[in-house]
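Computed from the coordinates by the stated procedures, all read-outs in this text should not be read as laboratory data. Everything numeric here is computed off the predicted structure, so don't read it as measured data. So basically every Cβ, Gly included, is an ideal-geometry build from the backbone, and we count neighbours across all protein chains shown.
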Amino acid sequence: MGALMENTLLIVGTDTGCGKTTVAATLARALKKAGADVGVMKPFASGVDVAQMQPMDDAAILQLAAGLEEPYDWVTPERFQAPMAPANAAPLEGRTVDLEKVRAAIRNYVGKHAVTLIEGIGGVAVPLTQSVLFSDFFREFSFPALVVARSALGTINHTVLTVEHLRSRGIPVMGVIFNRIQQGPLDLAEEVGPPLAARLCGIENFGLFPFVNPGSHLTAQAWVDALPIKCEAIQKLVERIMRK
């Protein structure tokens, strides 16, 4: 499993809506601009059109950022219409979550590109089935995880809990990046919270990721083109990944 681990990064979040897709898309875009052959996956997705990838779906944004046009089943093998955890969404469609299908899809996809970014769903303890959490499923792969956390008040608790949970499952943590969810100058909590959170966890702090407007008024291409690929946090990540 070593070769997979070295070339694959699992991008997880402290909770839903913390900015995983924005960070993952920006990193994919920056790696591509740096000359890397980068692949992207979001193995589980909910709240989506299960039949066809839509332009502003997370999977579509990731593909666009990486400059790819790959089959929906490659990128997101398990998807659900209801915007909730797979464990709850699947029964609404009269089916169960096929973990073996996802497992096979990941193994088949990783290695197609020099670098693969895999985006998680929700937080690290989101239930995929009635008995298997996201972290339970990914522990077998040993992919290093990049934690995306909010920069705002409360991030110390959220970040520490997330990192401790990942470690309890044996998932190595590469570091953390703190996503700004509001515009304007940093408040005191944003200045002191993220560094302390990273220090308490004993992990690398890649820094602050600037606020990105959700972009509902933009086309997918325009939104991707405007991603802050030159920001210091992303450039640190690119340097770390390209150094391997």
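Give me 129, 219 sorted ascending by neighbouring Cβ count inside 10 Å, so fewest comes first.
Taking fewest neighbouring Cβ atoms as first place, the list is 219, 129.
Using DSSP loop states and a limit of at most 15 other Cβ atoms within 10 Å to flag GluC sites (Glu not before Pro), what is the longest stretch of the chain containing no flagged site?
141-244
Rounded to the nearest 500, what is the 222 nm mean residue ellipticity of the chain from helices alone, with -39500 (n - 2.57) per DSSP H run of 4+ residues and division by all residues?
My calculation for the chain gives -12000 deg cm²/dmol from helical runs alone.
As a footprinting exposure proxy, order 101, 32, 230, 42 by other Cβ within 10 Å, with the fewest listed first.
Lowest count first: 230, 101, 32, 42.
Once each part is reduced to its C-alpha centroid, what is the distance from the stretch 167-191 to the stretch 26-96 in angstrom?
23
Once the Cβ-Cβ distance between residue 81 and residue 189 is put in as r, and R0 is 45 Å, what FRET efficiency do you end up with, to the nearest 0.05?
FRET efficiency, residue 81 to residue 189: 0.75.
Quick one: compute the contact order of the chain, relative version, from alpha carbon pairs under 8 angstrom and 6+ residues apart, as a percent.
25
Would you mind ranking 142, 168, 135, 151 so that the residue whose beta carbon has the fewest other beta carbons within 10 Å leads the list?
Lowest count first: 168, 142, 135, 151.
How much length is gained if the chain between residue 33 and residue 196 is pulled fully straight, taking 0.36 nm per residue apart and subtracting their Cα-Cα distance, in nm to one decimal?
Working it through step by step, the gained length comes to 55.5 nm.
Could you work out the percent of alpha carbon pairs in the stretch 2-242 separated by over 23 Å, rounded to a whole number?
46
Take the alpha carbon gyration tensor of the stretch 10-89, find the square roots of its eigenvalues, order them as a ≥ b ≥ c, and report rounded if a/c is under 1.5; if not, report prolate when a/b exceeds b/c, else oblate.
Note, shape of the stretch 10-89 comes out oblate.
Share of antiparallel DSSP beta bridges in the chain, in percent to the nearest 5?
Antiparallel: roughly 5 percent of the beta bridges in the chain.
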